[in-house]
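The values are calculated or read from the model by the stated rules, or taken from the named source; none is laboratory data. The model shown is predicted, which means the values in this text are computed figures rather than measured ones. Cβ sites come from the backbone with ideal geometry, for glycine too, and all protein chains shown count toward neighbours. These accessible areas exclude ligands, DNA and RNA; they are computed on the full protein's heavy atoms, side chains included. Shrake-Rupley method; radii C 1.70, N 1.55, O 1.52, S 1.80 Å.
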Amino acid sequence: MTAIDPTGAAGPSSGVTGHSLFAPDQRTNARNASEKRFRAYGVVAITLALLALLWLLISIFSAGLPAFRQTFIEIPVTLDAAVLDKAGHGDPKEMASVTTIGYGKQIAKALAEEVKAKGVDAGTLTDKEIGEMVSEDSAANLRNMVLANPKLLGTTVQFQALANGRIDGYFKGRVTMETAARDKNTSPEKLMLADKLRAAGVVVMKFNPGFLTMTDASDKRPEAAGLGVAIIGSLYMMFVVLCLALPIGVAASVYLEEFAPKNRWTDLIEVNIANLAAVPSIVYGILGLGIFINIGGLPRSAPIVGGLVLTLMTLPRIIIPTRAALKAVPPSIRDAALGVGASKLQTVTHHVLPLAMPGVLTGTIIGLAQALGETAPLLLIGMVAFVKDFPGAPPSGLFDPSSALPVQIYNWTQRGDPGFVERASGAIIVLLAFLIVMNTAAIILRRKYERRW
Amino acid sequence: MSLMKISASAFAILAASALTASARDQLQISGSSTVLPFATIVAEAFGEQGTFKTPVVEGGGSGAGRAALCKGVGEDTIDIANSSSRIKQSDIDTCKTNGVTDIMEVKIGYDGIVFASDINGPDFALKVADVYNAIGGQVVKDGKLVANTNATWADATAGLPAQKILALIPGSKHGTREVFTQKVIDAGCKSSGAYDLILAAATGKDDAEKAANATKACDTLRTDGVVTEIDGDYTETLSRLAADKNAVGVFGLSFYENNTDKLKVATVEGILPSTATIADGTYPVSRPLYMYVKKQHIGVIPGLQEYLDFFVSDDMVGPEGKLIEYGLVADPNLAQTQADVKADKVMDPLK
């Protein structure tokens, strides 16, 4: 009889004799090490992704947040009736003959007087140069104010004007004395005067709600550019997409999932819907230009066309999750409904669809969020344009020219004036905010109403 | 399913409103991205006066704008095409085929094409021949025509900074490219002596064809990576330039003047570009900017005539006008343009 192997209990597979289970052997070590390495790769990957996200957010927010604050000049402006209403009848129609240039002169005069009244030393600046510190946009604001209320004529109103983009840039650190010396649009003297006026309380920096409500502005007045038209345009387009894509998408999914026979044709349709979801969005833009504008005769730059194009793009993205939601409703529900005598349609509308609704709505909201951020198809249908007037109220307003949030960002990045860089980043923040709200809504809906069987 | 009902009724309203779409009451303008900032400034000021709506202005390039103008007559076509180069006979022919028979040509002023580099880089004093020697395909070396291998500007012409050659020039869809080719490359090809050698070697049936082929050879730029064509706007050129400080970019004068904090401009043939040197013609690289107007829309689209009058008024493009402040160079013959616009004069056939 041979000596009893002390580790014999571990069986022949243990390989090494005299080895404790608590001291890992070489192969185990190698396996553990490879798992550790794999985890480390994962951590590195996540860290890289987070760093990229962080970098993106920091660059956007540091460039964009200043857009929400703006430099204003607050001065009393005397509305000289002799200049602004030459006929003296107080009739807005007659007063409209005085252009914004006339009003601009009044504001320049008022600021020059205010500088003197506050005892601020303007150096060598002439009254005209002092007037250039005010945004050209304020003349239009003052004119609209007076035409809306002719009784203001002859009185002195406390008027809040936007400061010129360069002055604003100076307080935000974009413009320095050194760059101003080379810049023909401003001068170090103006910046020095702005410093003094800020100390005197005439120039103030504060939150600028106008960034969300004002319209686009030309290269000469980046300080007055706002997102008003773009936000309205985007809302109109989302309205069109919702009205068209939701009913069509739901109807298509219900038919395909509940009623259609399973044969080669429905398979073909199914494959094509999945393919359509992957088609690059610019293709839908070309389609929209060809069909809706060139053949259909719809106007360029209109939210209706944008909405229609985005509807086409969103449809497959709504159909796919809707079908998945319908599929997730257990067959027992259908069987029970059919069993108590409901028709197929009743089964679907009374039981299956309501139960699938949270999934449908989540899919719709995420589809809408994608459509909201979509730029490429809108480039081709003329949405990238300078649109200054708000579109009218729907439904006819859907045919008026308008802009949209993502194309407004694109548009601003192409402007020559450096002031638009901050505007573009600010617009990105607004767009991100909209997207976060929509995605949060989708998550809440899913969490709250989703049922698991 | 109340949601379905709401959606369905909204869809019905939408469909119904499609039939009641009203006539267009604002101008639609499209074309050159060089003219775009000028056009938006005028459009904004025009809309501000409250009588008419603010025109909608799109960019997209001179060629694209003229093509859109020539698509036909009617509300669904644009009213004005902005252009940084003159209209071509082929455009006019297309227009004619599509029923656009009366085109007005309005010269709004001049724009300079400038070479600019990073503000902290060395100064450049260029001649058109230097530019050709830097980026032309075939250059003269020791009296012979050779393929261009110059690595630095100093290689191209002694005396220039020893900086790596990297030129950012406008892509072919831009009107600016055409002017750049004509006034810088062709002129540089001639003054550097390359043209004569190319012409001597050129093939063709007769002298005219030889000359045409020689010019074509001049226009062929280096393809070894030192020339980058920018299809986007000047902002793209600017960001490329920020990424590679060695680059020298081609810009419009007005763009440069609004970015003097980042850019340093080069003199060309010893002349510093400015509105003054462009207006008196001493700065060699400038071109007129145009609007092409569909006369058939005057009286149909409200505000078209008024917009044109407003655009060429002294307040806008006169010597003290808003656009001149922004960097446009005033046209000395503005009075003639104003009179032509007032009379709705249709353009003469191209010579």
Restricted to segment A:379-400, and to residues that are touching a residue at least 40 places away in the same chain (Cβ under 8 Å) and part of a helix (DSSP H, G or I), which residue is nearest to the other protein chains (Cβ to nearest Cβ)?
-> A:Phe399
Considering each residue of segment A:239-277, count those that are open to solvent by 30 Å² or more (accessible area, probe 1.4 Å), among the charged types (D, E, K, R) and part of a helix (DSSP H, G or I), and give that number.
-> 4
Odd one out for B:Gly74 among (1) assigned to a loop (DSSP other than H, G, I, E, B); (2) touching a helix residue (DSSP H, G or I) at 6+ places or on another chain (Cβ under 6 Å) | (2)
Given (1) in contact (Cβ under 8 Å) with a residue 40 or more places away in the chain; (2) over 24 Å from A:Ile232 (Cβ atoms); (3) among the hydrophobic types (A, V, I, L, M, F, W, C), number of the condition A:Ile333 does not satisfy = (1)
Among the candidates A:Ala180, A:Ala140, A:Ala194, which residue alone is open to solvent by less than 60 Å² (accessible area, probe 1.4 Å), out of contact with any Leu (no Cβ under 9 Å at 6 or more places or on another chain), in a helix (DSSP H, G or I) and within 11 Å of another protein chain (Cβ to nearest Cβ)?
-> A:Ala140
Could you say whether any residue in segment A:256-279 is among the small types (Gly, Ala, Ser), within 26 Å of A:Leu431 (Cα to Cα) and within 14 Å of chain B (Cβ to nearest Cβ)?
-> no
Sole miss for B:Thr101 among (1) under 21 Å from B:Lys342 (Cα atoms); (2) out of contact with any His (no Cβ under 8 Å at 6 or more places or on another chain); (3) open to solvent by less than 10 Å² (accessible area, probe 1.4 Å); (4) more than 10 Å from chain A (Cβ to nearest Cβ) is condition (3)
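Taking A:Ala148 as the residue in question, decide whether it is farther than 27 Å from A:Thr186 by Cβ, surrounded by fewer than 20 Cβ atoms within 10 Å (Cβ to Cβ) and touching an Asp or Glu at 6+ places or on another chain (Cβ under 7 Å). Before the answer, list the steps.
Details: farther than 27 Å from A:Thr186 by Cβ: yes; surrounded by fewer than 20 Cβ atoms within 10 Å (Cβ to Cβ): yes; touching an Asp or Glu at 6+ places or on another chain (Cβ under 7 Å): no.
When the stated conditions are applied, A:Ala148 does not pass them.
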Report yes if A:Leu353 is within 13 Å of another protein chain (Cβ to nearest Cβ), open to solvent by 30 Å² or more (accessible area, probe 1.4 Å), hydrophobic (A, V, I, L, M, F, W, C) and on the phi < 0 side of the Ramachandran plot, otherwise no.
-> no
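Among residues belonging to segment A:76-118 that are among the hydroxyl-bearing types (Ser, Thr, Tyr) and not in a strand (DSSP E or B), point out the one that is modelled with the highest pLDDT. Write out each step before concluding.
Of all residues in segment A:76-118, those among the hydroxyl-bearing types (Ser, Thr, Tyr) come to A:78, A:97, A:99-100, A:103.
Next, only the ones that are not in a strand (DSSP E or B) stay: A:97, A:99-100, A:103.
Values: A:Ser97: 78, A:Thr99: 80, A:Thr100: 83, A:Tyr103: 87.
Top of the filtered list is A:Tyr103.
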Any pair with Cβ under 6 angstrom, 6 or more apart, that starts in segment A:282-294 at a residue that is of a type in the set (Phe, Trp, Tyr) and ends at one that is at pLDDT 90 or above | A:Tyr284/A:Val309; A:Tyr284/A:Leu312; A:Tyr284/A:Met313; A:Tyr284/A:Pro377; A:Phe292/A:Val305; A:Phe292/A:Leu308
When you look at A:Gly373, is it on the phi > 0 side of the Ramachandran plot, more than 14 Å from chain B (Cβ to nearest Cβ) and surrounded by fewer than 18 Cβ atoms within 10 Å (Cβ to Cβ), yes or no?
-> no
List every residue pair whose Cβ atoms sit under 7 Å apart, with the two residues 6 or more apart in sequence or on different chains, where the first one lies in segment B:43-57 and is under 14 Å from A:Phe390 (Cβ atoms) and more than 7 Å from chain A (Cβ to nearest Cβ) and the second, anywhere, is open to solvent by 10 Å² or more (accessible area, probe 1.4 Å) and of a type outside the set (Asp, Glu).
-> none
Looking only at segment A:197-214, which residues are in a helix (DSSP H, G or I) and either open to solvent by less than 40 Å² (accessible area, probe 1.4 Å) or of a type in the set (Ser, Thr, Tyr) (or both)?
-> A:Leu197, A:Gly210, A:Phe211, A:Thr213
For segment A:220-238, name all the residues that are open to solvent by 10 Å² or more (accessible area, probe 1.4 Å) and within 13 Å of chain B (Cβ to nearest Cβ).
-> A:Lys220, A:Tyr236, A:Met238
Under 6 Å by Cβ, and 6 or more places apart or on different chains, what pairs join a residue from segment B:329-346 that is crowded, with 19+ Cβ neighbours inside 10 Å with one that is of a type in the set (Ser, Thr, Tyr) and assigned to a helix (DSSP H, G or I)?
-> B:Val329/B:Thr275
Checklist (1) open to solvent by 30 Å² or more (accessible area, probe 1.4 Å); (2) outside the structural domain of A:Gln408 (by TED's automatic domain parsing) applied to A:Ala217, failing item | (1)
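Every residue, every condition in (1) within 30 Å of A:Pro418 (Cβ to Cβ); (2) of a type in the set (Ser, Thr, Tyr); (3) at pLDDT 90 or above; (4) crowded, with 22+ Cβ neighbours inside 10 Å, yes or no:
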| position | (1), (2), (3), (4) |
| --- | --- |
| B:Ser191 | no, yes, no, no |
| B:Ala201 | no, no, no, no |
| B:Gly225 | yes, no, no, no |
| B:Ala266 | yes, no, yes, no |
| B:Leu272 | yes, no, yes, no |
| B:Thr275 | yes, yes, no, yes |
| B:Ala279 | yes, no, no, no |
